[in-house]
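Here the structure is laid out as structure tokens; the discussion comes afterwards.
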Amino acid sequence: MVLQSALEKALQLILSADKELCNILEVTAKLSISSSLIALLIGVPIGIWLGTTKFKGQSILLVLNRTLRGMPPVVCGLLFYMFFCLFLQRYIK
């Protein structure tokens, strides 16, 4: 019963083009597009460089890259969150 009323409320908000909901969707879309573009601008040159040059430690970077790509995004995000929290605690006081 609770799920049904929640779904009805969500459908009502969508169909009525609720201003707050539209704002949330707009912010989400802008954030998704900008983060994807930033990742593209950083990742493509690095990927081309990794694929075309040979250097010491390249195999380690490739293994790390493939490992992170195989992880679920939530797990990867939590690992980076923990890393940045530890970094901030240690170096920024």
* Which numbered condition trips up Ser5, out of (1) of a type in the set (Ser, Thr, Tyr); (2) at pLDDT 90 or above; (3) farther than 26 Å from Leu61 by Cα? -> (2)
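Kindly indicate whether any position in the range 8-27 is among the β-branched types (Val, Ile, Thr) and at pLDDT 85 or above.
So far as the range 8-27 goes, yes, one or more of its residues are among the β-branched types (Val, Ile, Thr) and at pLDDT 85 or above.
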* Asked: Hey, among the residues in the range 27-63 that are part of a helix (DSSP H, G or I) and more than 23 Å from Pro73 (Cβ to Cβ), which one's farthest from the chain's Cα centre (by Cα)?
  -> Thr52
* Structure fact -> Quick count over the range 2-38, residues being open to solvent by 70 Å² or more (accessible area, probe 1.4 Å) and either among the acidic types (Asp, Glu) or on the phi > 0 side of the Ramachandran plot (or both), is 3
* Being assigned to a helix (DSSP H, G or I) and among the basic types (Lys, Arg) is the filter; apply it to the range 64-93 and report the residue that is least open to solvent (accessible area, probe 1.4 Å). => Arg66
* Would you please list the contacts, defined by Cβ atoms under 8 Å and residues six or more apart or on different chains, that run from a residue in the range 41-53 that is within 16 Å of Val63 (Cα to Cα) to a residue that is in a helix (DSSP H, G or I)? => Leu50/Gln58; Leu50/Leu61; Leu50/Leu62; Leu50/Asn65
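The values are calculated or read from the model by the stated rules, or taken from the named source; none is laboratory data. Keep in mind it's a predicted model, so treat the numbers as computed, not measured. Neighbour counts are summed over all protein chains in view; Cβ atoms, including those assigned to glycine, are modelled from backbone coordinates with ideal geometry. Heads up: the accessible areas ignore ligands, DNA and RNA and are worked out on the full protein's heavy atoms, side chains in. Shrake-Rupley method; radii C 1.70, N 1.55, O 1.52, S 1.80 Å.
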